[in-house]
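Report on one structure; see the data block that follows.
Any read-out appearing in this document is the output of simple, stated calculations on the displayed coordinates, not a laboratory observation. Predicted model only: the values in this text are computed from it and were never measured. Here Cβ is always computed from backbone atoms with ideal geometry, including for glycine, and neighbour counts include all displayed protein chains.
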Amino acid sequence: MRVTNGYIYNNLYKHIQQNLSRLARTQEQLSTGRTMIRPSDSPGNISPLLHAKASLSYFEQYDRNLDDGLGYLNLSDGSMQTLGDMLNQAAQMAVQGANATYVREDLAALGEQIDKMIDHAVDLGNSSIGKKFIYAGTKNSIPPFKREGDSILYTGDLNGIYREVLSGEEYRIDAPGITTGFQVKPLVSANNIAAKVTQRQIPAKLVNTGIFIVERTATGFFLTDLTALDGVTPDPGLAGSYSWAGDVVTIDGAGDKLEGLRIDMTGTAVGDRFKITIDNQLGVFGNGRETSPGSGVYEVYNQANPKASPVDEGIFDCLFRLRDSLRRGNHADVGNCIGEAQQKMDQLLRRRVGIGSRTRHFEALKDQILDLEVKIKDFQQKLDGADMYKLSINMSHEQVVFQASLASGANMMKISLLDFLK
Amino acid sequence: MPGTFFGLEIGRRGVQAHRRSLDVTGHNLANASTQGYSRQEAVPSVTDPFTRPDLNSTVSPGQFGSGVKTDMIRRIRDEYLDPQVRSANKDRYYWEDQIFVMNRVEACFAEPASSGIADQMVEFFKSWQNLNNNPMDPGVKASVVETGAQLSSLMNYTYKQLTYIQESIVRPGAPPAVESGQLKDQVARINDLLVQIQNLTADIMKVYRVRQQPNDLLDKRDMLLDELSRYGPLAVSHRSEAGRPTGEIAMNFFGMVIATAPPVTVSLSLSINQQAGPEFGHLELHEATLGRVVNLTAEGGNTARGGSLLGLEKVRRDIIAFKDNLNAIAVNIRDKIRDKNFTPPPAATPDFFLGSLDSGDFRVNGAIVGDISVLDGTKAGLVSGIRKEKMGAGREYTLEDCYGLLVTDVGNKARGADGMAANQQAIQEQMYNLREAVSGVSVDEELARMVQFQYGFQASSRVVALMDELLNEIVNRLKPV
């Protein structure tokens, strides 16, 4: 090949540029400590890297969520403990009161103590951490429980408090202040209007539990997947016969396990589906019912309007009944309250056990997050960390190459026939 | 015997021929660094000998050598390399113009080194989790609004930057016109090149017609043709008559056959297809005289055709796709938050985000900014869960994944274009080097020739001087005895 000056110069320019850009690249990696600076540096690793960075950032948040959750859980545990002690005390008073040696005045005095105990229970229902009332669901900036004479009102909501503590996992961290005993979960809801399950209608009924799906159709409704709450056994006996009137489904077959259940589907659209769970689980303070639909105020206890089913009765029902029995001086009635108080203590204990196991779970998660953080940092380091030793060696190597190319280029340019012509 | 002054004439011719060669060498040296210059060479040949049909001549072959003449000044060039160089040219600039744009696009995404949209998105959802922890806290609400505003402004900013880059390539004017941009400038340059080539061809043909060599004009035309080949596929055919080139060429550019003699008026223009249908919005290259339309958008991915016009259109389509993805993310966040607010029981919260990136008004709702108390914290847990949901509508991945894919795509395209550009550049440079090996000026070579011609010149002058002396002897010294 014929070599010309142009060829030599062009190659020289090109190689200077190439060497310089390699040097600059190595220098950039050395000074940032990273191998990935632009998306094009390693496009295949962008997604994992962004994930790792996001995960590390979320871990901080999860840790914060866990601390917050643990605060809630510890306070719940503490307040339930006090509540349990109080019930225990009430049961002891009931034992005393059932004793025929206590005269009417003594019983009235005990009744007054129970009445103050009710105030204490309301205060415990208004336990707060920071400015958050732990039994108020998500409407937790105002005290949820209020005593108005001989009725207890709840102004929180029925939503659970959830904390995301690991990617994709949300856990409930509060024990609900009150429940309705029903849960309605919309599966498909065109107008975003939820069906409502109204209060139990027949006192003795509806102690059964189950899950089913109700779907609105053009001509009425459709009940499917009738399953006992264990989630395994199909149970057509939950609702054998039902009727439809004015957008309300009523389960009305005598002998149906859910007889008397009414599902109000006003405002829903054809095709809407709701999953309805009836678990009869009491809230910490029992069950409540909305004073009027949509008001957001729940009646937890109202002497003038007693609950239809004992299934719904909670601490306040028990305490008020004990107080009234004591005030009336009826030994037999007071005696009946002993068992009831014990039963409420058992219910409370179930909630406490739930909270306790969630606490242990969260504490374990905190350790796990620390562990994961180390692993992911290591992974990130592998993805975009610069190997300083290797880079330093590369750097000196490239410097040598660059100097050699400059030196040889300069020498080559200097030699010309001109030097030898006189 | 030749005539008295015969030797003097040979010397004169020698001097003249060497002088001519020295001129050419000087011309070569002067143009040693000129782009597109092909070295030239004076082609000397022996002049026709004189024939003397002498009898009894044992010392002569019956002919006298009569000296030297310069036949032509030759341009040393391998014409068969040119199509290869031009093909390498179109491939190189198809990718090289893309990489310049892609580098700018890449700079819009501050990933993964610094905190870009990905980080901001994480911060945004983290702030919702904080709100979930403290649903009624006005300070936390304010921080949700603040991170939301930062996210929306960062997304808006990135989208606008991408739009600027897109419009630096093609900025649409009143439909279907293209107002400005790199592509429009290139088309203007192509029109300019075509006119220059046609004018040069007319001059070249005149020179050829009088049997002369338009070397420098040919170099100039080849340079222009090389430049033209950057913009699109170009094939050049040379015409000749009775084995001699006429200098006329016909260019086939993007399938348009453009004659140079007689020159046709060619004027290319860009327009945007306005007809409803699958080609709506496509960028087209029009030529009215030849009635040709090239659909640049549809041809954009056609690497076999190459050239910077298609390369720029391809990268422009890529930018549009990036923008669409970014907008889809913004709109998805906006709609998902709205959906969460409507989840039963519906929250009485105004929409958190309004607008979209493509309409340029993606922002946090002013009603919330003005009064953060209207933000319903009870939905915060659901909203923070959006990041784990699939986006839907054909995008079966989460928001963060979608953004990750977008950045990966940008990175891949930049890297791909960079690699291809480097590859094609190496090929093209190799071609140029091959051409340089044939046509380039080697200074040392020219200097050697210079010395050679100098000595030739000196020797021929010596012949003249000697003949002068001889004639002087005859004319002045020879006296009748």
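Calculate, in whole percent, how much of the Cα-Cα pair population of the range A:1-143 lies beyond 25 Å. Numbers along the way, then the final one.
Numbers: 6744 of 10153 pairs.
Roughly 66 percent, rounded to a whole number.
List the lysines whose Cα lies under 30 Å from the Cα of A:Lys377, skipping any in the same chain that are fewer than 8 positions away.
Partners within reach: A:Lys53, A:Lys366, A:Lys390, B:Lys126, B:Lys388, B:Lys390, B:Lys413.
Using only the Cα atoms of chain B, each taken as one equal point scatterer with no solvent, compute I(q) by the Debye sum, divide by I(0), and report log10 of the ratio at q = 0.05 Å⁻¹.
-0.39
How big is the charge dipole of chain A about its Cα centre, in debye rounded to the nearest 20, if each Lys and Arg gets +1 on its Cβ and each Asp and Glu gets -1 on its Cβ?
Value, rounded to 20: 2000 debye.
Using the beta-carbon distance between B:Gln212 and B:Val293 and R0 = 41 Å, what value does 1/(1 + (r/R0)^6) give for FRET efficiency, to the nearest 0.05? Please list the in-between numbers first.
Numbers: r = 41 Å, r/R0 = 1.01.
After rounding, the FRET efficiency stands at 0.50.
Could you compute the net charge surrounding A:Ala364? Neighbours are other residues with a C-beta less than 12 Å from the C-beta of A:Ala364; K and R count +1, D and E count -1. List each step's numbers first, then the result.
Working: positive: A:Arg358, A:Arg360, A:Lys366; negative: A:Glu363, A:Asp367, A:Asp371.
Counting the neighbours of A:Ala364, the net charge comes to 0.
If R0 is 30 Å, what FRET efficiency do you get for B:Phe50 and B:Met72 from their C-beta distance, rounded to 0.05?
My answer for the efficiency is 0.80.
Please give, to one decimal in nm, the separation of the simple spin-label points placed at A:Gln89 and A:Tyr13, each 7 Å out from Cα toward the Cβ.
Each label point is offset 7 Å from its Cα along the Cβ direction, giving 9.5 nm.
What lysines does B:Lys220 reach when the alpha-carbon gap must be under 22 Å and sequence neighbours fewer than 8 apart in one chain are set aside?
Cα-Cα hits under 22 Å: B:Lys90, B:Lys206.
Using +1 at the Cβ of each Lys and Arg and -1 at the Cβ of each Asp and Glu in chain B, identify which of B:Val410, B:Gly14, B:Val331 lies farthest towards the dipole's positive end.
B:Gly14
If one computes P(r) from the Cα atoms of the range A:331-401, what percent of pairs lie at distances over 14 Å?
Numbers: 1957 of 2485 pairs.
Distances greater than 14 Å cover 79 percent of the Cα pairs.
Calculated FRET efficiency, A:Leu166 and A:Thr101, Cβ-Cβ r, R0 41 Å, to nearest 0.05? The partial results should precede the final answer.
Numbers: r = 59 Å, r/R0 = 1.44.
Efficiency, from the Cβ-Cβ distance: 0.10.
Could I have the simple spin-label model distance between A:Leu421 and A:Asp387, label points 7 Å from Cα toward Cβ, reported in nm to one decimal?
So the label points at A:Leu421 and A:Asp387 sit 5.4 nm apart.
What trypsin sites (Lys or Arg not before Pro) does the range A:1-46 have in DSSP loop regions with at most 15 other beta carbons within 10 Å? If you can, show how the numbers build up before the last one.
Numbers: sites: A:Arg2, A:Lys14, A:Arg22, A:Arg25, A:Arg34; in loops: A:Arg2.
Listed in order of number, the matching sites are A:Arg2.
If amide hydrogens are placed 1.01 Å from N in the peptide plane, which non-local residues have theirs closer than 5 Å to the one on B:Glu248?
Answer set, sorted by chain and number: B:Arg239.
Give a residue-ordered list of calculated ³J(HN,Hα) values for the range B:291-307 (Karplus: 6.51 cos²θ - 1.76 cosθ + 1.60, θ = phi - 60°; whole Hz; x for Gly, Pro).
x, 10, 10, 10, 7, 5, 4, 5, 8, x, x, 7, 5, 5, 7, x, x
Above 26 angstrom, tally the Cα pairs of chain A and express them as a % of all pairs, no decimals.
Numbers: 61777 of 88831 pairs.
More than 26 Å apart: 70 percent of the Cα pairs in chain A.
Work out, step by step, the length gained on full extension between A:Leu370 and A:Lys146: first 0.36 nm times the residue separation, then minus their alpha carbon distance; give nm to one decimal.
On the way: separation 224, 0.36 × 224 = 80.64 nm, distance 4.22 nm.
Residue separation times 0.36 nm, minus the Cα-Cα distance, leaves 76.4 nm.
For B:His18, A:His361, B:His27, what ranking results if the residue with the fewest other Cβ atoms within 10 Å of its Cβ goes first?
Least crowded to most crowded, the residues run A:His361, B:His27, B:His18.
Order these by the 10 Å Cβ neighbour count, fewest first: B:Cys402, A:Cys318. Show your work: numbers first, answer last.
Values: B:Cys402 18, A:Cys318 24.
Ascending Cβ contact count within 10 Å gives the list B:Cys402, A:Cys318.
Counting each DSSP H run of 4 or more residues in chain A as -39500 (n - 2.57), what helix-only mean residue ellipticity at 222 nm follows after dividing by all residues, to the nearest 500 deg cm²/dmol? Mind dumping the intermediate values first?
Working: 6 runs with 201 residues, N = 422.
When only DSSP H runs of four or more count, the value is -17500 deg cm²/dmol.
Can you pull the one-decimal nm distance between simple spin-label points at A:Ser295 and B:Ala188, each 7 Å off the Cα toward Cβ?
The two pseudo-label positions are separated by 7.7 nm.
Taking 25 °C and 0.890 mPa s as the conditions, I'd like the Stokes-Einstein D for the range A:263-422 in µm²/s, using the Kirkwood hydrodynamic radius from alpha carbon pairs.
99 µm²/s
For the range B:80-195, what does the equivalent ellipsoid look like in terms of its semi-axes, each the square root of 5 times an eigenvalue of the Cα gyration tensor, given largest first in whole Å?
Working: eigenvalues 451, 65, 10 Å².
Over the Cα atoms of the range B:80-195, the semi-axes work out to 47, 18, 7 Å.
Average projected area of the Cα convex hull of the protein assembly as shown, in nm²?
Details: hull surface 239.4 nm².
Quarter of the Cα hull surface area: 59.8 nm².
Express the Stokes-Einstein translational diffusion coefficient of the range A:1-78 in µm² s⁻¹, to the nearest whole number, given a Kirkwood radius over alpha-carbon pairs, 10 °C and a viscosity of 1.306 mPa s. Write down the numbers at each step before the final one.
Numbers: Rh = 17.7 Å.
The diffusion coefficient I find is 90 µm²/s.
Under 12 Å from the Cα of B:Lys336, which aspartates and glutamates turn up, not counting those fewer than eight places away in the same chain?
B:Asp351, B:Glu389
Per DSSP H run of n ≥ 4, the term is -39500 (n - 2.57); total these for chain B, divide by its residue number, and report the mean residue ellipticity at 222 nm rounded to 500 deg cm²/dmol. Before the final figure, lay out the partial values.
Details: 12 runs with 267 residues, N = 481.
It lands at -19500 deg cm²/dmol.
Averaged over all directions, how much area does the convex hull of the C-alpha atoms of the range B:331-399 cover when projected, in nm²?
Details: hull surface 19.9 nm².
If I average the Cα hull's projected area over directions, I get 5.0 nm².
Around A:Ala245, under 12 Å between beta carbons, what's the net of Lys plus Arg minus Asp minus Glu among the other residues?
On the way: positive: A:Arg262; negative: A:Asp247, A:Asp252, A:Asp264.
Spelling it out: positives minus negatives among the neighbours equals -2.
For the range B:417-464, what D do you get in µm² per second when you plug the Kirkwood radius from alpha-carbon pairs into Stokes-Einstein at 10 °C and 1.306 mPa s?
Values: Rh = 13.8 Å.
This corresponds to a translational diffusion coefficient of 115 µm²/s.
Where does each of B:Glu313, A:Glu340 land when they are ranked from fewest to most other beta-carbon atoms within 10 angstrom? Before the final figure, lay out each step's value.
Numbers: B:Glu313 25, A:Glu340 20.
So the ranking, lowest neighbour count to highest, is A:Glu340, B:Glu313.
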